[in-house]
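Each remark here refers to the structure printed beneath this line.
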Amino acid sequence: MVVGYLPIGIAYGILARQAGFSLFQTVSLSLFVYAGASQFIAVSMIAAGTNPAAIIATIGLVNLRHLLYSASVAPYLQKVGISRLFVLAFGLTDEAFSVESTVLARGVKTPAFIFGLQLAPYLAWNAGSLLGGLLGGCLSGIQALGLDFALPAMFIALLIPQIRSRQILATAIIAGALSLVFSLFLKGSWNVILATLIAATLGMELSKCKPSSGS
């Protein structure tokens, strides 16, 4: 996780500075939000002057998956106090969930173990953000490096492992197509919000359609 978080954190820091964020704002977003994909989205939308309500709605939809993550690990943490759960919830990123769900299923792990598991990538992400923020304030022509592809690449990396059936593949294709169509008529990121809602609804309906067994 550290190896993966550090370069993406640097990319975020550089892009944030190039979007007009101060070094303090760039690092603070990582310290207090700590949500890689959402930070890329927030930077681009804030820099574009998007309505705050649209920013909040978009980031909220992107992060809805964390409800499923927390529900999955909750049975293993039933005896953990609420204050500790708040701390562990803050560090439950996509990659952390993958590791946590594996180690928790293998045996009982203490909250301190999970906290340590989350702390290392958190520090790596913030170190990368700081380094990227420092570099972003000095570099020019950053677009030529292609770092603006970091966000789409992250979403692709998150999407591919989830495509385990034709229904999920169809949902992903529908969401992408609708987003492109809506972007022709809607400003800001409302195309993403509407495409997500419609595709998710269609995906739920597709999941109900069971192929006949032929018997």
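Bear in mind these aren't lab numbers, they're just calculated from the coordinates by the rules spelled out. None of the values given here were measured: they were computed from a predicted structure. Cβ sites come from the backbone with ideal geometry, for glycine too, and all protein chains shown count toward neighbours.
Structure values in brief
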{"read-out": "Förster radius 41 Å - calculated FRET efficiency between ALA177 and LEU85, Cβ distance, rounded to 0.05", "value": "0.55"}
{"read-out": "Calculated log₁₀ intensity ratio I(q)/I(0) where the Debye formula runs over C-alpha points of region 163-210, q = 0.27, 0.31 Å⁻¹", "value": "-0.89, -1.05"}
{"read-out": "Nearest-0.05 FRET efficiency for LEU61 and VAL3, computed from C-beta distance (R0 22 Å)", "value": "0.15"}
{"read-out": "Taking TYR5, TYR76 and counting other C-beta atoms within 10 Å, the order from fewest to most", "value": "TYR76, TYR5"}
{"read-out": "Helical contribution to [θ] at 222 nm, DSSP H n ≥ 4, -39,500 (n - 2.57), averaged over the chain, rounded to 500", "value": "-23000 deg cm²/dmol"}
{"read-out": "Extension gain (nm, one decimal) between ILE168 and SER98, 0.36 nm per residue minus Cα-Cα", "value": "23.3 nm"}
{"read-out": "For region 1-93: span of alpha carbons on each principal axis (Å, largest first)", "value": "45, 31, 21"}
{"read-out": "Two-site FRET efficiency, SER22 against VAL108, from Cβ-Cβ distance with R₀ of 41 Å, rounded to 0.05", "value": "0.40"}
{"read-out": "Under 13 Å, Cβ to Cβ, from PRO121 - net charge with Lys/Arg +1 and Asp/Glu -1", "value": "-3"}
